[in-house]
Structures are given as structure tokens and as C-alpha cells.
Amino acid sequence: MLKAPQILVRALSLVVGMASLAACGQRGPLYLPKPQPQASAPAQPAPSPAPTASQSTP
């Protein structure tokens, strides 16, 4: 049969183990990332490729 000190040691070990697992990975307050600022100038369209000799018309 278990004695009182053995029960206390096991209970304390269980509580410490659960507390350490519950705190695992918590590093600070949760927050939402700030939205990225929108570009003030509109994006320029990509330049069209220059015609090659095989595409030119006579």
C-alpha cells in the first residue's frame, strides 16, 4: 500500500508535468498581423515583346 509521502510525490510530479506541458509553446500574446500598405501607384503592365524577323509583315 502507498504511504502518504509517495502519494504526495506522485501527485506533485503529475501536477508539475501537466503544468509544463500546458505552457509548452506559449511565448507571448496573440495578435493579428498588420495589413500591408497598398501601393500608391498602379502597377505598370508588362512590356509586350518586340516583334522578331519571323513575325514581321512585308
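Among all residue pairs at least 6 apart or on different chains, which show Cβ distances below 9 Å where the first residue, located in segment 1-21, is open to solvent by less than 90 Å² (accessible area, probe 1.4 Å) and the second is in a loop (DSSP other than H, G, I, E, B) and at pLDDT below 90? Going by the 9 Å Cβ cut-off, there are no qualifying pairs. Within segment 31-44, the presence of a residue that is modelled with pLDDT under 80 and on the phi > 0 side of the Ramachandran plot is excluded.
Within segment 1-30, can you find the residues that are at pLDDT 75 or above and part of a loop (DSSP other than H, G, I, E, B)? Before the answer, list the steps.
Just the residues of segment 1-30 that are at pLDDT 75 or above, to begin with: 3-22.
K3, the sole residue that qualifies.
The values are calculated or read from the model by the stated rules, or taken from the named source; none is laboratory data. Worth saying up front: this structure is predicted, and the values here are computed from it rather than measured. Note: ideal-geometry Cβ built from the backbone for every residue, glycine included; neighbour counts use all protein chains shown. Each accessible area value is taken on the protein alone, full model and side chains, heavy atoms only, with ligands, DNA and RNA left out. Shrake-Rupley method; radii C 1.70, N 1.55, O 1.52, S 1.80 Å.
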